[in-house]
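Below is one structure; the comments refer to it alone.
The values are calculated or read from the model by the stated rules, or taken from the named source; none is laboratory data. Values in this document were obtained by computation on a predicted structure and should not be read as measured data. Neighbour counts run over all protein chains shown; Cβ positions are idealised from the backbone, glycine included. The area values use the complete protein model at the heavy-atom level, side chains included, leaving out ligands, DNA and RNA. Shrake-Rupley method; radii C 1.70, N 1.55, O 1.52, S 1.80 Å.
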Amino acid sequence: MERLPGFRDFYPEPIPHTDVWSADARQFIFEKWRTVARRYNFREYDGPPLEPLELFTTKSGDEIVAQLYNFTDKGERAIALRPEMTPTLARMIAAHERNYKKPVKWFAIPQLFRYERQQKGRLREHFQFNADIIGETDPAADAELIALLIDTLRGFGLTAQDFVIRLSSRNAWHDFYQSRKPKTENGNEYKFFQVIDKLERAEPEESEKKLSALGFSLAEVNQFIEAGKPTAELESILQNLAARGLREFAKVDYKVVRGLAYYTGVVFEAFDAKGEFRAIAGGGRYDNLVKLISGGKVELPALGFGMGDVVLLELLKARKLLPPFDSRTDVFVMIEDESFRPQSLQLIQDLRTAGYAVEFALTPAKVDKQFKRAQELKAAFTARVENDAYVRIRNLKTRAEVVAGFADTKNHLR
Ligand code: HAM
């Protein structure tokens, strides 16, 4: 049986084949995401991987809706696997916002599903670090969120030479659109944003055609991008980042506008500095989504970003920033004399209770075989019950040996 295309198997290191993924690397990434999020005082939340289809068809936009994994369940409900976390967050916030002081700062690490064409950096399933701030309109919140994004990437050892945050604003594009749109147009603004979103990957002739159908020219669009004049909100974010010493990580770039329909203001994407990979992360303001999803009952400004594990891992590998992932066996308890197995099990239990990672032979085995296994596991120590009272501890690196009392063993493993 083969796994589905675009899905991944995660194996413990060393991974047995190039077409499988490292469970250790995944854990490493999750831990870093959590550590940095907590430093910024974000709290962790989660929601269900299956949601009513309608949650995503309301406001995510055509592209993501075309990529939905959806079906009818046995109760005749229209269901979708979540392709993104933001609508779930908006639903959760709308339901219980009164219980939380604003601004709410929350993060999650959901697994997401999109029926995409499989390509470098894009699969049909990925894990995404989501960090969002709800209930604050001031650009100080945008700066706080972007600082978190920058520090998350720095946390992996990436520097200003490795990545850049491209800052933009749908407000700027909105003003551009409204001031130059044809008199007769109605409701094509999101279509226009989608053309801008695709500018970098589409052929210029194709973009020109689409833009002129909307009453614009590629030349005027390019002129606006090249001028790159920051709006007041972008200026304020850049100053805030500068005060934190993070200015060098961000630049204004109006080529970014984001594909999702619900964004309303500042938008941004993180890219590797050489432009070799797809976006590492993307986000922005979505001040109307909570209102829309709550049917007008709750109105709260919001902003956030999502960072996938796929591109991030590719980049960390390319920059050689992944640590080695050895098994972390602290002690291998050798059972030379089977008559000491009960005492050995007691010792193993004590050491595990004290927090050590302990391994041993589950069934009788020759001593040299046990020792070989301890070496393969790169255990720091071996411990052997000598008699009813004493344990012989050996440091496998220094080869130093000590004999300790039973209860004292754990103190010799530091
Ligand atoms: P997004 O730009 O669709 O935004 O996804 C964010 C990031 O998730 C991308 O930059 C990429 O790293 C990763 N990603 C997306 N699709 C795939 C895929 N098929 N395979 C691998 N990685 C992928 C959102 O999802 C927004 N909901 C983010 C957000 C949170 N905005 C506000 N709050």
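Numbers below:
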{"quantity": "Residue match in the stretch 88-98 (condition: within 13 Å of the ligand (Cβ to nearest atom), under 15 Å from L303 (Cα atoms), of a type in the set (S, T, Y) and in contact (Cβ under 8 Å) with a residue 12 or more places away in the chain)", "calculated": "yes"}
{"quantity": "Test for A279: is it surrounded by fewer than 20 Cβ atoms within 10 Å (Cβ to Cβ) and under 28 Å from R122 (Cα atoms)", "calculated": "yes"}
{"quantity": "Number of the condition not met by K102 [criteria: (1) open to solvent by less than 50 Å² (accessible area, probe 1.4 Å); (2) in contact with a strand residue (DSSP E or B) (Cβ under 8 Å, 6 or more places away or on another chain)]", "calculated": "(1)"}
{"quantity": "The lone exception for L246 - which of (1) within 14 Å of the ligand (Cβ to nearest atom); (2) open to solvent by less than 10 Å² (accessible area, probe 1.4 Å); (3) within 21 Å of the chain's Cα centre (by Cα) it fails", "calculated": "(1)"}
{"quantity": "Those residues of the stretch 1-16 which are open to solvent by less than 100 Å² (accessible area, probe 1.4 Å) and without any contact (Cβ under 8 Å) to a residue 40 or more places away in the chain, in sequence order", "calculated": "R3, D9, F10, Y11, I15, P16"}
{"quantity": "Long-range neighbours under 9 Å by Cβ, at least six apart or interchain, first residue closer than 11 Å to A383 by Cβ within the stretch 344-368, second surrounded by fewer than 13 Cβ atoms within 10 Å (Cβ to Cβ)", "calculated": "D350/A407; V358/Q349"}
{"quantity": "Boolean, E336 is in a loop (DSSP other than H, G, I, E, B) and either within 21 Å of A407 (Cα to Cα) or without any contact (Cβ under 8 Å) to a residue 12 or more places away in the chain (or both)", "calculated": "yes"}
{"quantity": "Sole residue being in contact with a helix residue (DSSP H, G or I) (Cβ under 9 Å, 6 or more places away or on another chain), among the acidic types (D, E) and surrounded by fewer than 20 Cβ atoms within 10 Å (Cβ to Cβ), chosen from D132, D175, D138, D142", "calculated": "D138"}
{"quantity": "Check on Y286, open to solvent by less than 20 Å² (accessible area, probe 1.4 Å), within 11 Å of the ligand (Cβ to nearest atom) and over 20 Å from the mean Cα position of the chain (by Cα)", "calculated": "no"}
{"quantity": "Single residue of the stretch 297-308 satisfying the filter (surrounded by fewer than 22 Cβ atoms within 10 Å (Cβ to Cβ) and more than 18 Å from I165 (Cβ to Cβ)) that is farthest from the ligand (Cβ to nearest atom)", "calculated": "K297"}
{"quantity": "Members of the stretch 107-127 that are in contact with a helix residue (DSSP H, G or I) (Cβ under 7 Å, 6 or more places away or on another chain) and either more than 9 Å from the ligand (Cβ to nearest atom) or farther than 11 Å from G6 by Cα (or both)", "calculated": "F107, I109, F127"}
{"quantity": "Hits in the stretch 370-403 (condition: over 17 Å from R352 (Cα atoms) and among the small types (G, A, S))", "calculated": "A389, A400"}
{"quantity": "Helices (runs of 4 or more DSSP H) (entirely within the stretch 5-104) containing at least 2 residues that are at pLDDT 95 or above", "calculated": "23-39, 86-96"}
{"quantity": "Contacts under 6 angstrom Cβ, first residue in the stretch 227-252 being in the same structural domain as F176 (by TED's automatic domain parsing) and under 20 Å from L303 (Cα atoms), partner of a type outside the set (D, E, K, R) and part of a loop (DSSP other than H, G, I, E, B), 6 or more apart", "calculated": "F249/A160; V252/G228; V252/P230"}
{"quantity": "Filter pass, A147 being among the small types (G, A, S), outside any helix (DSSP H, G or I) and within 16 Å of the ligand (Cβ to nearest atom)", "calculated": "no"}
{"quantity": "Exclusive hit being in contact with a strand residue (DSSP E or B) (Cβ under 6 Å, 6 or more places away or on another chain) and hydrophobic (A, V, I, L, M, F, W, C), set V385, V367", "calculated": "V385"}
